[in-house]
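First up is the structure itself, then whatever we jot down about it.
The values are calculated or read from the model by the stated rules, or taken from the named source; none is laboratory data. Note that this is a predicted model, so its numbers are computed, not measured. So basically every Cβ, Gly included, is an ideal-geometry build from the backbone, and we count neighbours across all protein chains shown.
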């Protein structure tokens, strides 16, 4: 019986269950159908099937055969075993790959069964780890008993994780921050009205399109529409003002509804954020999982002291749950919240460090070539000398780069890095050294000639970079960070 | 109250200049055969691109124009020369270094990149080799740290034996077993 096999059995490289061949074939066939259905539909619904169509069918058959063959080969060459405290998965025929996952880094082992896996008595085994999520660490079909045994063995071997704070029922919650009605109004008035304008515009175009179809095509709308438009300039101006006012009202209401009842509570090392009038949202942010903390405000929001905190947690990606934004209506409150991650006393413009002026000087050439000269050349063939208007973009771009360089400040302390950037708006970024996973030092040709470099700190939630710093400063900083991370051995999560 | 001082405790001052510097690291060059593998891969890619180009010109009448063919050949030749230059310069600069606490890899030709991964941050390691690499006994080692969506640190152009040794060493050190 497989279930009673000794532990040593796992130390020998072994294949998945033979049922994996069918599972792989099935998933490959489904993928093929998904990819080829338009071609197949055209072929089968065409009246005449001449020699061209036959060639096409042969092509599809050949492609399918190769892909299915690949799936079978994939099964044959995929083996796994446990070697001491490591799970080893070997795969590939032409490109051979051996993946080693230390068992202590495995967070969870998932067993899944679709209809076919249930029919064959097998399960798909996948492994959650704090590492990359695209490493193909999965076994498509393992006998259910064997899969259970593997899960049990891996979980047994791995160190016991600390209790999940999400599961504790009795906890101390303190209200740290909330948005009152005046705050909500402030937030709503500075919302992205342009976005609302475009949503409304799209809605209007849609309504117009439907009206056109109801009223019998283009002729009616063209005739009466032209008459109406031609009647008065006042009508057009009123329409524009109405759309702008409506857009603003729409975005104000939308923002108020979204952030209604906003509360941030501090509960045993985590933030519990809840908001929403109709769609109620509740987000939990364990503070130890925050990798980078930043907050920013555009020019207008700076004037009214309204900031948005951006929390980048483990596995941060754009538009994902881990990507959390918190609206805050005073800089003092931002500093207070940020101190949960790193002590923040503000960035002193005079005492902090700056990046080298070569940053914007280089843009003189880069912008001249990429943004001005090449588009100018292209457009001049199309619209003639009027393309010269593009030259106006050049000083704007250079000025933008210059201001960004002028406003950039950074400094380090015992715990990490603090960075300030922006042109009209401002963005503050905090990074704790213990969160750093990798450090990169980049030097392009221009930087090499001037002994400059760009330093990039990579965390599990994103990157923070320091562009155009002196090479000596960059290497000294890297040495310091490596020392901090490697000597202290602090947990990053 | 009497204080008991531990004789093992030390808190000596470390000046920044005493820290191990990445500037002093001597990098290990990549295998010479890797240059051959890269050049052969380029030749193979150029062959495929040429075949596609020839097929397009053969089947599409509108492309059978001396000007179009000349432009296509020039672009392909320039691409080939550009890539060959990149391979040669990059090979000279590329290298890796293993230190007690971290792993360094540098690469690039126009923009040169040095990447440093701390061993206590490594989550997985993988060793892989393509058919052409195997023909020359070469492999590459990929290191995965937390939160990345793909292997973000790959040491290429090393022998199969070195790759396995590096993998074993990383696995050992990353677990903390390497510490006394």
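Considering A:354, A:362, the condition of being more than 30 Å from residue A:263 (Cβ to Cβ) and within 14 Å of chain B (Cβ to nearest Cβ) is satisfied by A:362 alone.
Among the residues of the stretch B:107-120, those that are in contact (Cβ under 8 Å) with a residue 40 or more places away in the chain and at the interface with another protein chain (Cβ under 7 Å from one of its Cβ atoms) comprise B:114, B:116, B:120. Residue B:87 meets all of the listed conditions (1) out of contact with any helix residue (DSSP H, G or I) (no Cβ under 6 Å at 6 or more places or on another chain); (2) under 28 Å from residue A:93 (Cβ atoms); (3) away from chain A (no Cβ under 11 Å) but one, namely (1).
The residues of the stretch A:56-111 that are assigned to a helix (DSSP H, G or I) and under 33 Å from the mean Cα position of the chain (by Cα), listed by number, are A:67, A:70, A:71, A:74, A:75, A:103, A:104, A:105.
Condition check ((1) touching a residue at least 24 places away in the same chain (Cβ under 8 Å); (2) farther than 16 Å from residue B:112 by Cα) across all residues:
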| residue | (1), (2) |
| --- | --- |
| A:415 | yes, yes |
| A:423 | no, yes |
| A:426 | yes, yes |
| A:435 | yes, yes |
| A:440 | no, no |
| A:451 | no, no |
| A:456 | no, no |
| A:460 | yes, yes |
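For (1) assigned to a helix (DSSP H, G or I); (2) within 19 Å of residue A:458 (Cα to Cα), each residue gets a yes or a no:
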| site | (1), (2) |
| --- | --- |
| B:50 | yes, no |
| B:53 | yes, no |
| B:71 | yes, no |
| B:76 | yes, no |
| B:106 | no, yes |
| B:110 | no, no |
| B:117 | no, yes |
| B:143 | no, yes |
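Answer with yes or no whether residue A:330 is over 19 Å from residue A:415 (Cβ atoms) and assigned by TED's automatic domain parsing to the domain that holds residue A:434. Spelling it out, residue A:330 is indeed over 19 Å from residue A:415 (Cβ atoms) and assigned by TED's automatic domain parsing to the domain that holds residue A:434.
Taking each residue of the stretch B:161-179 that is at the interface with another protein chain (Cβ under 9 Å from one of its Cβ atoms) and surrounded by 15 or more Cβ atoms within 10 Å (Cβ to Cβ) and looking for partners that are part of a helix (DSSP H, G or I) and at pLDDT 65 or above with beta-carbon atoms closer than 6 Å, six or more apart or interchain, yields B:174/B:119. Against the test of being within 28 Å of residue A:460 (Cα to Cα) and without any contact (Cβ under 8 Å) to a residue 24 or more places away in the chain, the options A:282, A:289 yield a single qualifying residue, A:282. Residue count for the stretch A:251-264 satisfying the condition of being part of a strand (DSSP E or B) and surrounded by fewer than 18 Cβ atoms within 10 Å (Cβ to Cβ): 1. The residues of the stretch B:119-129 that are outside any strand (DSSP E or B) and touching a strand residue (DSSP E or B) at 6+ places or on another chain (Cβ under 8 Å), listed by number, are B:119, B:121. Among the residues of the stretch B:95-106, some residue qualifies, meaning at least one is closer than 18 Å to residue B:35 by Cβ, within 15 Å of the chain's Cα centre (by Cα) and facing another protein chain (nearest Cβ under 9 Å).
Between A:124, A:96, the distinction of being away from every other protein chain (no Cβ under 14 Å), more than 27 Å from residue B:120 (Cβ to Cβ) and modelled with pLDDT of 80 or more belongs to A:124 only. Any idea which residue in the stretch A:416-432 is farthest from the other protein chains (Cβ to nearest Cβ), counting only those that are outside any strand (DSSP E or B) and under 23 Å from the mean Cα position of the chain (by Cα)? Selected residue: A:425. Here's a check for you: in the stretch A:454-492, which residue that is touching a helix residue (DSSP H, G or I) at 6+ places or on another chain (Cβ under 6 Å) and part of a loop (DSSP other than H, G, I, E, B) is farthest from the other protein chains (Cβ to nearest Cβ)? Here the residue is A:490. Considering every residue within the stretch A:3-16, establish whether at least one is closer than 30 Å to residue B:156 by Cβ, modelled with pLDDT of 80 or more, surrounded by 14 or more Cβ atoms within 10 Å (Cβ to Cβ) and touching a helix residue (DSSP H, G or I) at 6+ places or on another chain (Cβ under 8 Å). Among the residues of the stretch A:3-16, at least one is closer than 30 Å to residue B:156 by Cβ, modelled with pLDDT of 80 or more, surrounded by 14 or more Cβ atoms within 10 Å (Cβ to Cβ) and touching a helix residue (DSSP H, G or I) at 6+ places or on another chain (Cβ under 8 Å), which makes the answer yes.
The single condition among (1) surrounded by 20 or more Cβ atoms within 10 Å (Cβ to Cβ); (2) in contact with a helix residue (DSSP H, G or I) (Cβ under 7 Å, 6 or more places away or on another chain) that residue A:78 does not meet is (2). Of all residues in the stretch A:328-347, those being without any contact (Cβ under 8 Å) to a residue 12 or more places away in the chain and in a loop (DSSP other than H, G, I, E, B) number 3. When you look at residue B:123, is it over 21 Å from residue A:482 (Cβ atoms) and either at pLDDT below 90 or away from every other protein chain (no Cβ under 14 Å) (or both), yes or no? No, not satisfied. Looking across the stretch B:127-154, the residues that are modelled with pLDDT of 90 or more and facing another protein chain (nearest Cβ under 7 Å) come down to B:127, B:128, B:129, B:130, B:131.
A single entry from A:326, A:389, A:383, A:355 fulfils the requirement of being in contact with a strand residue (DSSP E or B) (Cβ under 6 Å, 6 or more places away or on another chain) and farther than 29 Å from residue A:453 by Cβ: A:326.
Here's the yes/no breakdown for (1) part of a helix (DSSP H, G or I); (2) more than 27 Å from the chain's Cα centre (by Cα):
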residue: A:351; (1), (2): no, yes
residue: A:360; (1), (2): yes, yes
residue: A:365; (1), (2): yes, yes
residue: A:372; (1), (2): yes, yes
residue: A:380; (1), (2): yes, yes
residue: A:394; (1), (2): yes, yes
residue: A:434; (1), (2): yes, no
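Among the residues of the stretch A:436-453, those that are within 10 Å of chain B (Cβ to nearest Cβ) and crowded, with 21+ Cβ neighbours inside 10 Å comprise A:436, A:437, A:438, A:439, A:441, A:443, A:447, A:453.
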